[in-house]
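To start, the structure under review is shown below, and the notes come after it.
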Amino acid sequence: MLERNEWEKFPKFKLQECNFAEYIRQFYHMSSILNCLITIGFVMVLTSNLAAAAGAEVRPENIVGPNECAECHKDEALVWKKSHHFTTFRDMPRSKESREIKKKMKIKRVKSKSLCLNCHFTVQKVKKRPKAVSGISCEKCHGDGKGYLKVHAEFSGHKKKEDEPKAKAVQRWKKSEAAGMIRPKALYALAKNCYSCHVVPQEKLVNVGGHPAGSKFELVSWSQGEVRHNVWYSKGKKNVKASKNRKRMMYLVGLAVELETAIRAVGVATKKQTYAIKMARRAAAARKKMTVAAKALRKVPEVARIVKLGKSAALKLNNNDALSAAADKIAKQTIALVTKYDGSKFGSIDKLIPSEKDYKGKPSK
Ligand code: HEC
Ligand code: HEC
Ligand code: HEC
Ligand code: HEC
């Protein structure tokens, strides 16, 4: 497993288990390469924004900034401004904890050190230079905006949405996703994105810097509290809650990504210290929860497979090959889950899903 910054550059290879080294090794075996490409094509069709799912390479020139989004999405921006994702820009660098981490990591300024930048800030190119312009803004969750800003917002040349033929609208969304947009319905990509920050796979930052190894994250409770800004389609009148079916899918997909991410994080551990211990505990806890979910969903083979895969590699040091192979396969099963089901038959897991009192932060309105 590569460092976050590095694996971001090869998201497609990484997830499809045909990494770059493998490409070169198999150079003369055309069939393997073709297989790989076919797999890529196949999965790209399943979730056309898979590249974004693994967290695309950080490209400040592709960021338009939250003010640009707020030109049309004012209500969403107002909700965002009340969240920790917004306030971290001002608060984190000033906090006592931050000063301690900086000292231990020998960092001078957090807003110009990429180690902290990717997770705490949005970096945009301003006057030819990358600059931290805000906290965790729209594009950190919905994808770098430059590519889809125009296309997603224009009704294929029609003035009003009502005048746009259905087929054209489908095309418009396809184009937007191909350009890196992570839509709310792309649950796997969305969850992967949250976890790319809420689990911290940097061993040194945790062991030496004393940074938290991650958050006690759970997708339903963490997305339906202070983060929730479903105020677009309701024209600002209501902050719409996720539906029952959506919550079921969110719970399952979130849990699967939790397992996938924790296993990867164990894979990169090199020392039996805080980092390795916390990540192994995290993975073990995720396995248990997934096992409980699988018992409630006996008729869903993907969930059973995820449980089995989760247990297929030992949670120990120097076991990265087995652990990341298991994580890759869990990712495939999770994508299959999102593609095949809509949650309508998953009532048996309702008792496992956190209730409103456990939501993280207060939702607006
Ligand atoms: C010029 C106006 C405009 C701007 C600027 C704009 N949007 Fe939108 N956005 C829209 C419109 C219009 C829709 C709804 C399209 C529809 O109903 O088919 C939309 C829908 C969305 C959706 C919902 C997608 C879905 O699957 O339903 C998201 C997420 C979104 N925009 C994010 C952003 C982000 C992030 C930015 C900044 C990078 C941004 N938008 C900038 C006009 C805009
Ligand atoms: C992989 C993503 C990631 C990286 C890299 C990262 N952080 Fe964090 N950081 C987080 C998350 C997620 C939290 C919230 C943890 C929680 O839920 O308790 C956090 C919390 C914190 C906090 C405590 C809460 C606050 O905002 O005051 C501080 C301080 C902090 N980080 C500083 C840093 C510094 C300094 C760096 C760079 C040296 C850094 N972080 C790098 C993800 C990251
Ligand atoms: C922390 C990640 C995150 C950030 C930051 C974020 N979003 Fe979202 N956004 C989401 C999630 C998750 C959903 C779907 C939530 C759900 O299903 O309940 C969503 C939903 C939406 C929707 C659909 C709303 C509706 O009425 O259904 C729009 C539009 C949108 N976001 C735009 C934005 C804009 C504009 C910003 C910046 C001002 C922004 N988002 C910031 C994660 C984020
Ligand atoms: C770019 C990195 C990043 C992404 C992507 C991200 N977060 Fe966060 N999130 C953070 C950091 C860092 C904090 C801590 C901020 C602070 O307290 O200073 C945080 C804080 C939060 C909090 C407040 C936690 C508290 O202690 O009150 C919630 C809730 C949350 N995130 C939910 C989500 C959800 C849901 C998603 C995905 C839809 C998501 N986040 C995506 C980095 C991220």
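The values are calculated or read from the model by the stated rules, or taken from the named source; none is laboratory data. Quick caveat, the model's predicted, so the values are computed rather than measured. With ideal geometry, Cβ positions are generated from the backbone for all residues, glycine too; neighbour counts draw on all protein chains shown.
Listed by first and then second residue, the pairs with beta-carbon distance under 9 Å, at least 6 apart or on different chains, first residue in the range 179-191 and within 17 Å of SER243 (Cα to Cα), second among the charged types (D, E, K, R) and outside any helix (DSSP H, G or I), are LEU190/ARG183.
Considering each of LYS108, LYS140 in turn, give the residue that is of a type outside the set (Gly, Ala, Ser), away from ligand 1 (no atom under 16 Å from the Cβ), farther than 16 Å from HIS211 by Cβ and out of contact with any helix residue (DSSP H, G or I) (no Cβ under 7 Å at 6 or more places or on another chain). Going through LYS108, LYS140 in turn, the sole match is LYS108.
If a residue must be surrounded by fewer than 17 Cβ atoms within 10 Å (Cβ to Cβ) and under 26 Å from ARG305 (Cα atoms), how many such residues does the range 221-245 contain? Counting residues in the range 221-245 that are surrounded by fewer than 17 Cβ atoms within 10 Å (Cβ to Cβ) and under 26 Å from ARG305 (Cα atoms) gives 2. Being in a loop (DSSP other than H, G, I, E, B), in contact with a Gly (Cβ under 9 Å, 6 or more places away or on another chain) and buried (at least 22 other Cβ atoms within 10 Å of the Cβ) is a condition met by at least one residue of the range 200-220.
Cβ-Cβ contacts under 6 Å between residues 6 or more apart (or on different chains), taken from a first residue in the range 85-98 that is on the phi < 0 side of the Ramachandran plot to a second residue that is more than 8 Å from ligand 4 (Cβ to nearest atom), are listed as PHE86/TRP80; PHE89/SER134; MET92/SER98; PRO93/VAL110. Close Cβ contacts (under 7 Å, 6 or more residues apart or on different chains) running from residues in the range 261-290 that are on the phi < 0 side of the Ramachandran plot to residues that are surrounded by fewer than 20 Cβ atoms within 10 Å (Cβ to Cβ) and at pLDDT below 95 comprise ARG264/MET1; GLY267/MET1; VAL268/MET1.
Can you tell me which residues in the range 62-96 are in a loop (DSSP other than H, G, I, E, B) and more than 22 Å from LEU115 (Cα to Cα)? Across the range 62-96, the qualifying residues are GLU71, CYS72, HIS73, LYS81, LYS82, SER83. For the range 183-196, a residue qualifies if it is over 8 Å from the mean Cα position of the chain (by Cα) and of a type in the set (A, V, I, L, M, F, W, C), and the qualifying residues are ALA186, LEU187. Among the residues of the range 174-223, those that are among the aliphatic types (A, V, I, L, M) and more than 12 Å from ligand 1 (Cβ to nearest atom) comprise ALA178, ALA191, VAL199, VAL200, LEU205, VAL206, VAL208, ALA213, LEU219, VAL220.
Listed here are the residues, each with its yes/no results for (1) assigned by TED's automatic domain parsing to the domain that holds HIS120; (2) under 12 Å from the mean Cα position of the chain (by Cα); (3) farther than 18 Å from TRP232 by Cα.
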site: PHE155; (1), (2), (3): yes, no, no
site: LYS161; (1), (2), (3): yes, no, no
site: PRO165; (1), (2), (3): yes, no, yes
site: VAL170; (1), (2), (3): yes, no, yes
site: SER176; (1), (2), (3): yes, no, no
site: ALA179; (1), (2), (3): yes, no, yes
site: GLU203; (1), (2), (3): no, no, yes
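Exactly one of (1) closer than 22 Å to ILE330 by Cβ; (2) touching a Leu at 6+ places or on another chain (Cβ under 6 Å) is unmet by LEU252. Its number? For LEU252, the exception is condition (2). State all residues of the range 113-142 that are assigned to a strand (DSSP E or B) and not hydroxyl-bearing (Ser, Thr, Tyr); if no residue qualifies, say none. VAL123, GLN124, LYS125, VAL126, ARG129, PRO130, LYS131, ALA132, VAL133 - these are the residues of the range 113-142 that are assigned to a strand (DSSP E or B) and not hydroxyl-bearing (Ser, Thr, Tyr). Restricting ASP358, ASP328, ASP321, ASP350 to residues that are assigned by TED's automatic domain parsing to the domain that holds HIS229 and more than 23 Å from PHE217 (Cβ to Cβ) narrows the list to ASP321.
The sole residue among LYS74, LYS125, LYS102, LYS82 that is surrounded by fewer than 17 Cβ atoms within 10 Å (Cβ to Cβ) and away from ligand 3 (no atom under 15 Å from the Cβ) is LYS125.
Of all residues in the range 143-155, one or more are free of Cβ contacts under 8 Å to residues at least 24 places away in the same chain, surrounded by 14 or more Cβ atoms within 10 Å (Cβ to Cβ), more than 16 Å from ligand 2 (Cβ to nearest atom) and over 23 Å from LYS81 (Cα atoms). Only one of TYR195, TYR188, TYR251 is more than 9 Å from ligand 4 (Cβ to nearest atom), in a helix (DSSP H, G or I) and touching a Phe, Trp or Tyr at 6+ places or on another chain (Cβ under 9 Å). Can you tell me which? Criteria check complete, one pass: TYR251. Within the range 273-291, none of the residues are of a type in the set (Ser, Thr, Tyr) and within 19 Å of ASP358 (Cα to Cα).
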